Amino acid sequence: MGGIEIKGLTVAYGDKRIFDGLDAAFPENEISVVLGSSGVGKTTLLNAIAGLVPYGGEIAVPKGGISYIFQKDRLIPGISVYKNLDLVLRASVKDRRVRRGMIEEMLAELEIEDQIGKYPSELSGGQAQRVSMARAFLYPSSVLLMDEPFRALDAGLKLRLLAALDSLLEKSPRTVVYVTHDADECMLAADSWRVLSGCPAGIAAEGRIAVPRAERDLAEEGLAARRGRLFALLTDRDGRNAGRE
């Protein structure tokens with residue numbers, strides 16, 4: 001099994017049940033986008049997959065490890081960008097020169113090769129998040145979890161990083177679960193999408209996007225119509241538009 005299988009997921013914080021019997025499947029080597037209102041449980045779902053919160057039910061994750069890009073960069077402040085990235089490679093790549101080459105190549109892919117010697121405090125928010133992205137791909141894993149990683153970035157940089165994400169996944173395929181609140185990000189990145197709604201949360205709607213990512217244009221009639229439907233789902237408090245696309 002290369003994908004992620006979730007059966008009967010239950011998560012509670014005190015008396016509040018976030019999930020109560022959720023079933024979901026995220027296919028192997030695809031980007032599965034999860035959307036929903038603030039507080040519905042999107043981050044909790046990622047944390048359950050990563051084993052960071054206690055839960056009931058079953059979560060089957062493929063062998064090979066999990067990388068996680070958080071909303072905040074979570075870089076170690078007292079060491080350089082290079083050392084932050086070198087830390088995730090040391091266990092799997094013993095040759096220091098090979099590690100250096102891998103880090104330099106990854107930073108070049110993400111347009112921040114000139115930041116290699118800087119400390120996290122010297123980076124802009126966008127640069128720090130790109131270092132987090134580099135760290136996630138340098139770490140050998142079969143699953144990548146992404147929690148609104150581009151939320152604070154301007155539109156132009158977001159588009160470049162979505163393109164970089166696609167390029168990195170071509171070179172190093174992973175099963176991706178990508179949380180966002182942004183319908184445009186979903187339309188540009190997703191192979192499949194799901195909208196969480198309710199309390200406890202369930203899957204209110206889901207669909208797939210067959211158009212290759214490199215060919216997607218939000219102004220194109222078909223994709224614009226899908227975006228409109230998704231936006232309606234995200235603003236539908238009564239569930240009138242729920243279902244499968």
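The values are calculated or read from the model by the stated rules, or taken from the named source; none is laboratory data. All values derive from a computational prediction rather than experimental measurement. Note that we place each Cβ from the backbone using ideal geometry, even for glycine, and neighbour counts take in every protein chain shown. For accessibility, only protein heavy atoms count, side chains too; no ligands or nucleic acids. Shrake-Rupley method; radii C 1.70, N 1.55, O 1.52, S 1.80 Å.
Numbers at a glance
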read-out: Nearest-20 debye value, the stretch 79-209 charge dipole, Cβ charges on Lys, Arg, Asp, Glu; value: 640
read-out: Highest-first arrangement of 120-127, 40-47, where packing means the average Cβ count within 10 Å; value: 40-47, 120-127
read-out: Surface per residue (accessible, 1.4 Å probe) for the chain, Å²; value: 49
read-out: Candidate aspartates and glutamates - alpha carbon under 14 Å from Lys171, same-chain residues fewer than 8 apart omitted; value: Glu30, Glu105, Glu109
read-out: For the stretch 172-235, the spread of Cα positions along each principal axis, largest first, Å; value: 37, 32, 16
read-out: Charged-residue dipole, Cβ positions (Lys, Arg, Asp, Glu), the chain about Cα centre, Debye nearest 20; value: 700
read-out: Set of lysines near Lys94 by C-alpha distance (under 19 Å), chain-local residues within fewer than 8 positions excluded; value: Lys83
read-out: Bins of 10 Å from zero: percent of alpha-carbon pairs in the stretch 1-59; value: 22, 57, 19, 2
read-out: Additional length obtainable on full extension of the chain from Ala60 to Leu87, 0.36 nm per residue less Cα span; value: 7.0 nm
read-out: The chain: calculated mean residue ellipticity at 222 nm from DSSP helix runs of at least 4, using -39500 (n - 2.57); value: -10500 deg cm²/dmol
read-out: Inter-label distance, nm, simple model (7 Å from Cα along the C-beta direction), Asp23/Ser121; value: 5.3
read-out: Fluctuation leader among Leu162, Leu230, Leu145 - the chain, Gaussian network, Cα springs under 10 angstrom; value: Leu162
read-out: Globularity index of the stretch 114-245, i.e. its alpha-carbon radius of gyration over 2.2 N^0.38 Å; value: 1.16
read-out: Spin-label model distance (nm) - Asp114 vs Ala210, 7 Å beyond Cα toward Cβ; value: 4.5
read-out: Listed residues Leu159, Ser38, Val93: farthest to the positive end of the dipole of the stretch 1-159 (Cβ charges); value: Val93
read-out: Filtered GluC sites (Glu not before Pro), the stretch 1-98: DSSP coil and at most 16 other beta carbons within 10 Å; value: Glu28
read-out: Rg/Rg_globular for the chain, with Rg_globular taken as 2.2 N^0.38 Å and Rg from C-alpha atoms; value: 1.03
read-out: Sulfur and carbon atoms: percent of accessible area, the chain [1.4 Å]; value: 49
read-out: Chain lengthening between Ala155 and Asp95 when straightened (0.36 nm per residue, less Cα-Cα); value: 17.8 nm
